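The values are calculated or read from the model by the stated rules, or taken from the named source; none is laboratory data. Please read all numbers here as calculations on a predicted model, not as lab measurements. For neighbour counting, all protein chains shown are included, and Cβ atoms are generated from backbone atoms with ideal geometry for every residue, glycine included. Keep in mind that these areas ignore ligands, DNA and RNA; they rest on the heavy atoms of the full protein, side chains included. Shrake-Rupley method; radii C 1.70, N 1.55, O 1.52, S 1.80 Å.
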Amino acid sequence: MGTTGTVMRELRGAQKTAKGVSLYSRYVNRPAGRVLAAGAYRIGMTPNQVTLLSAAFTFSAIASVALVRPSWSLAALVWGGLVVGFALDSADGQLARLTGRGGPDGEWLDHVVDCAKMILVHTAVLISFRRFFDLPSEGWLLLPLGFLFAAVLTFCAGLLREQLGKAQQGRTQQGGTRSDGAAAPPVAGRTAAPVSRLRAVALLPADYGVFCLVFLLLGDRTAFRLGYAVLAAVHALFLVMFLAKWFRELRSLRTAG
């Protein structure tokens, strides 16, 4: 087992691409996850154990939203739990790539925890609204349900886009030689594009780490409700944009195949 410095250098070389990643994930969450992955490696944790630790932090914070009356101290604790859980969510994948111990079971567990997190966090907000908030009208109870719909649909559609894209590219590669012996044309969207800083900034409102920041407003229920409503509107807009983009990409893969 190498020194912590050696492990950190190896982890920096085992990072996923920065394409399609917001500035928060690139410069805050992934570096934090790298530190946690190095610590987990040093004490002999497995990637799946790190995933479960991430779930423990995240679900404890979410349960607090539903069960505890909002206050500034609760705001700090919830935000801290969510942020640490998110960093550990990055650490499990980094540890898996470092140790070569990743596999379909770990990927499945990671996706299950992510999906549960999305469902439960908005459900907890709905419960908190009902128990502790003096809402202007009952219609505000529909807001967490709408946010939940946008978050889960974005997650599922994005996951399907990734898997269907890989399957289509695999079929194209299997038949990747034309009858005249020449190589088949490249699949649309396969050329690596430079990472766009403007895109990384534009993706910030859709980043889970930025979403966690709204819980720092829990000490002021009106501010939290309005901040949550703004993020819900932004995520709904991003959902429409992502669905259109992913549909075009998959159609181009079918055409190219």
**residue 108 vs. criteria among the aromatic types (Phe, Trp, Tyr) and over 21 Å from residue 216 (Cβ atoms)** = yes
**Request:** Give the residue, chosen from 234, 230, 214, that is touching a helix residue (DSSP H, G or I) at 6+ places or on another chain (Cβ under 9 Å), open to solvent by less than 20 Å² (accessible area, probe 1.4 Å) and of a type in the set (Val, Ile, Thr).
**Result:** 214
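Condition check ((1) touching a residue at least 40 places away in the same chain (Cβ under 8 Å); (2) closer than 21 Å to residue 211 by Cα; (3) touching a Gly at 6+ places or on another chain (Cβ under 7 Å)) across all residues:
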| site | (1), (2), (3) |
| --- | --- |
| 49 | no, no, no |
| 66 | yes, yes, no |
| 86 | yes, yes, yes |
| 95 | yes, no, no |
| 102 | yes, no, no |
**Odd one out for residue 187, checked against (1) at pLDDT 50 or above; (2) open to solvent by less than 30 Å² (accessible area, probe 1.4 Å)** = (1)
**Asked** of a type outside the set (Gly, Ala, Ser), open to solvent by less than 50 Å² (accessible area, probe 1.4 Å), touching a Leu at 6+ places or on another chain (Cβ under 6 Å) and within 20 Å of residue 204 (Cα to Cα): does that describe residue 74?
**Response** no
**Message:** Any residue that is open to solvent by 30 Å² or more (accessible area, probe 1.4 Å), assigned to a loop (DSSP other than H, G, I, E, B) and free of Cβ contacts under 8 Å to residues at least 40 places away in the same chain - is there at least one of those in the range 109-129?
**Reply:** no
